[in-house]
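Throughout, read-outs are computed from the coordinates displayed, never taken from laboratory work. Not measured: the values here are computed from a predicted model. Quick reminder, even Gly has a Cβ in these numbers, built from the backbone with ideal geometry, and neighbours come from all protein chains shown.
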Amino acid sequence: MFILQLRISQPEIFSRHLRTALDTPDIAYHLKRLIVETLAEFDPQEDDIPLVRHISTKHHTIFTRLIDQPLTIKWFHLLRDSWLPSTLREQNSDTLRRFLLNLDRWINEDTESVLSIWHRALTEQWVESYSIAFHITHSLMKIEEWHHPEIRPLLETLISLGQKADHESAGQPLSRLVTETDEHDDLLWSWITRDVPEALNSRRDISEHLHCSPHDFHKKDFLEERLSGSRYFCGSLFWASKPKQAAKT
C-alpha cells in the first residue's frame with residue numbers, strides 16, 4: 001500500500017503527505033478514515049506529534065477513529081505526553097471523553113498512568129463525572145495487579161461522587177481489592193454503611209441501610225469470607241449492630 005511504502009521509504013515527508021491528504025476537500029471521507037486507521041497500525045514516532053495534534057484539532061471525527069483503534073502502548077505514551085496537555089488547554093470535552101473511555105485497553109501495561117489520568121479527570125472535572133465514572137468502575141475489574149497504590153484513591157473518589165456517578169457499582173472492584181490485598185476493610189465498611197444515618201434511635205434497624213447484598217460484591221460469598229477473615233470488619237459489624245445504651249439523665 002502507498003502509505004506503507006511512504007512510511008518506510010520516506011519517513012521525513014510521511015506526515016506532510018498525510019496532512020495534505022486529510023486537508024484536501026476533494027478526497028472522500030472514507031479514504032481519509034482509512035488513512036488514519038492505517039496510521040494507527042504503525043508505532044508512532046516523535047515526528048508524528050504535529051500530525052496527531054493537527055488531526056485532533058482540524059478533523060475531530062477522523063481523530064476519534066484513530067483513538068478507537070487497537071493502539072499500542074507507544075501510542076498511549078505519545079497521546080499522554082504530547083497530545084493530552086494541549087487538549088486539556090483547549091478543553092475539548094468530547095475528544096477527552098473518548099480518550100478516557102479507551103484507557104482501559106492499557107490498564108495492565110501502564111497501570112500507574114491509566115489510574116492517574118482517570119483520577120485527575122474526575123477530581124479536576126475534565127468532563128462530566130457521571131459520563132465516565134461507571135465505565136471506570138467496571139474497567140477496574142480488568143486489573144491484574146491489585147497492590148498498586150493508585151487504586152484506593154481512585155475508588156475513594158468514585159465513591160465520593162455519590163448517586164450521580166452510580167457509585168453502587170464500586171462494590172465490585174472494592175471487594176476485589178480487599179480480597180487481593182487483605183487490606184482496606186475501613187474503606188469497605190465505609191462504603192457498606194454510607195447510607196446509615198448518623199443518629200439512629202436504635203441499632204436494630206441498621207440492616208435496612210447497609211449495602212451488602214451478594215450482588216454488591218465481586219463474588220457471592222465475599223461477605224461471609226470477610227467476616228471470618230477480618231477482625232476489623234467483624235468488629236465493625238458487631239459494634240454497629242449493638243444497641244445503644246440509654247442516655248444518662
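Take the Cα of Leu34, go 7 Å toward its beta carbon, and none of the backbone nitrogen atoms of the stretch 52-89 fall under 11 Å from that spot.
Which of Leu155, Leu22 has the fewest other C-beta atoms within 10 Å, and how do the rest follow up to the most?
Working: Leu155 24, Leu22 20.
Going from sparsest to densest Cβ surroundings: Leu22, Leu155.
To the nearest 0.05, what FRET efficiency results for Gln45 and Gln125 with a Förster distance of 30 Å applied to their C-beta separation? Plugging the Cβ-Cβ distance into 1/(1 + (r/R0)^6) gives 0.35. Between Leu103, Leu154, Leu88, the Gaussian network model of the chain with springs among Cα atoms under 10 angstrom shows the greatest mean-square fluctuation at Leu88. Between His138 and Asp186, what FRET efficiency follows from the Cβ-Cβ distance if R0 is 25 Å, with the result rounded to 0.05? E(calc), rounded to 0.05, equals 0.60. When the Cα atoms of the chain are aligned to their principal axes, the ranges along those axes come out at 86, 31, 25 Å in descending order.
Please arrange Val196, Val52 by how many other C-beta atoms lie within 10 Å of their C-beta, fewest to most. If you can, show how the numbers build up before the last one.
Numbers: Val196 16, Val52 22.
If I rank by nearby Cβ atoms, fewest first, I get Val196, Val52.
Exposed loop sites here are GluC sites (Glu not before Pro) assigned a DSSP state other than H, G, I, E or B and surrounded by at most 16 other beta carbons within 10 Å; excluding them, the longest clear run of the chain is 42-108. Computed from phi, the 3J(HN,Hα) profile of the stretch 73-81 under the Karplus parametrisation 6.51, -1.76, 1.60 (θ = phi - 60°) reads 4, 5, 5, 4, 5, 5, 5, 5, 8 Hz, with x in place of Gly and Pro.
When each of Thr181, Thr157 is scored by the number of other beta-carbon atoms lying within 10 Å, the sequence from fewest to most is Thr181, Thr157.
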